[in-house]
Amino acid sequence: MKEKLKKILPPVVFLLLSAAVFAVVIWDRTPASPISLSGFKLNTVVTITIYDSKDESILKGCMELCDEYEALFSRTIPDSEISRLNAGELAESNGISPLSEPTQALLAEAFRYSELSDGAFDPTIGAVSSLWDFTGENRHAPSQEAVEAALPYVGWEQVKLTEEGILLPKGVQIDPGAIAKGFIADRIREYLLEQGVKSATINLGGNVLCVGSKPDGSPFRIGVQTPFADRSETSAILEIDNRSVVSSGIYERYFEENGIFYHHILDPKTGFPCENELCSVTIISDTSVEGDALSTACFVLGLEKGMELINSLPGIDAIFIDRDNNLHYSDGFSTAILPSDE
Ligand code: AMP
Ligand code: MG
């Protein structure tokens, strides 16, 4: 081919063409080796990978953002904004607790999904969820009495979010754990775009948000984990371009006590892990905040009602995996899928 071109083209044109091809190869090769940074943040492993820049300070900037949001939203940091709100320390004389812009925006999103899911998603689950410990050494179920005593303090309709802040009745506790990572991922994407990054992945403990596509224009490949299998085992591999993939499942945080299996997604009506036919719900959406909220909400709603909700929302794809490891796809599922490695 090269020799053929040499014969047909005048020498100067041939040289220029060769240089252009060389430049494309170089351009293609350099960004193909990405830069990446991982850290333990937000109670999970956070990994940021950038494909089209070599500027390590942008990676550090992403980690700093995680720290900043964690300092606002954490329930384990005693002086975080959410901890102080729950302790009643932010309330002014009119009872309203003014909030920082990120916390106000996070809670506005959260209550939107409570309404949309008819209360299946409930960020006021805090009084009950704080009775459970799915991560520590001493995991065990709280007593029925303790859960029943906490239940009156769960209920998103008891809370009023206004432009001035939040009116949180005494004893009601906000737990933003089911939506915070999605919200933070979206904010990190905004930051990356501001820095001129157009090709990156943001992985917050398995919640993945893709910025653009790979430098060569091909989509990122994101695996949907097979429940209870090794983390690397996938039930489906998705081709993702500029979208978010978030899963909620009973295999993420759980323990067994006296032969009973307990997982961390709670039914706000009972205060106990919701019992249904599902193992996991994966949502593919434009923003990670909707993916995070909807994956939790749909898990609580169960296969039929959860699927109904997804099918009523435009632009959202979902995969529900049931307890027999069958995959159920939402109507009009449009995300490209590669054969899994099973
Ligand atoms: P995710 O892993 O995103 O599904 O979120 C699960 C976490 O959200 C739990 O560890 C609890 O802190 C909290 N949570 C549990 N059940 C609910 C619920 N029904 N609505 C909102 N948050 C919940
Ligand atoms: Mg969630």
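When ligands, DNA and RNA are left out and all protein chains stay put, how many square angstrom of accessible area per residue does the chain have with a 1.4 Å probe?
50
So for the pair Glu64, Thr162, with labels modelled 7 Å out along Cα→Cβ, what separation do we get in nm?
3.7
For the stretch 81-214, rounded, prolate or oblate, judged on the Cα gyration tensor with a ≥ b ≥ c (square roots of eigenvalues), a/c < 1.5 rounded, else prolate if a/b > b/c?
Verdict is oblate for the stretch 81-214.
Whole Å is fine, so just give me how far the alpha carbon centre of the stretch 29-78 lies from that of the stretch 83-105.
Answer, in whole Å: 28.
With viscosity set to 0.890 mPa s at 25 °C, what whole-number translational diffusion coefficient in µm²/s follows for the stretch 149-208 from Stokes-Einstein and a Kirkwood radius over Cα pairs?
Reported coefficient: 170 µm²/s.
Percent of Cα-Cα pairs more than 13 Å apart in the stretch 218-288, please.
71
Order the following by accessible area, largest value first: Lys305, Lys269. Probe radius 1.4 Å; ligands, DNA and RNA are ignored. Intermediate results must be reported in sequence, preceding the final value.
Values: Lys305 125, Lys269 170 Å².
So, going from the largest accessible area down, we get Lys269, Lys305.
Could you tell me how many degrees, from 0 to 90 and to the nearest 10, lie between the Cα long axis of helix 288-311 and the main elongation axis, the longest principal axis, of the Cα atoms of the chain?
Result, in degrees: 70.
Cα atoms only: what Rg and Dmax, in Å, come out for the chain?
Cα radius of gyration and Dmax of the chain are 23.3, 89 Å respectively.
What is the angle, in °, between the Cα long axis of helix 11-32 and the longest principal axis of the Cα atoms in the chain? Nearest 10 is fine, range 0 to 90.
Its long axis makes an angle of about 20 degrees.
What's the carbon and sulfur percent of the chain's accessible surface, probe 1.4 angstrom, rounded to a whole number?
Accessible surface attributable to carbon and sulfur in the chain totals 52 percent.
Please work out how much accessible surface Arg139 shows to a 1.4 Å probe, ignoring ligands, DNA and RNA, in Å² rounded to 10.
Arg139 exposes around 100 Å² with every protein chain in place.
If you count only protein heavy atoms and use a 1.4 Å probe, how large is the accessible surface of Ser248, to the nearest 10 Å²?
The accessible area comes out at roughly 10 Å².
The values are calculated or read from the model by the stated rules, or taken from the named source; none is laboratory data. On a predicted model such as this, the values are computed, not experimentally measured, just so you know. All Cβ positions, glycine included, derive from the backbone under ideal geometry; neighbour counts span all protein chains shown. To get the accessible areas, we keep the full protein, side chains included, count just its heavy atoms, and leave off ligands, DNA and RNA. Shrake-Rupley method; radii C 1.70, N 1.55, O 1.52, S 1.80 Å.
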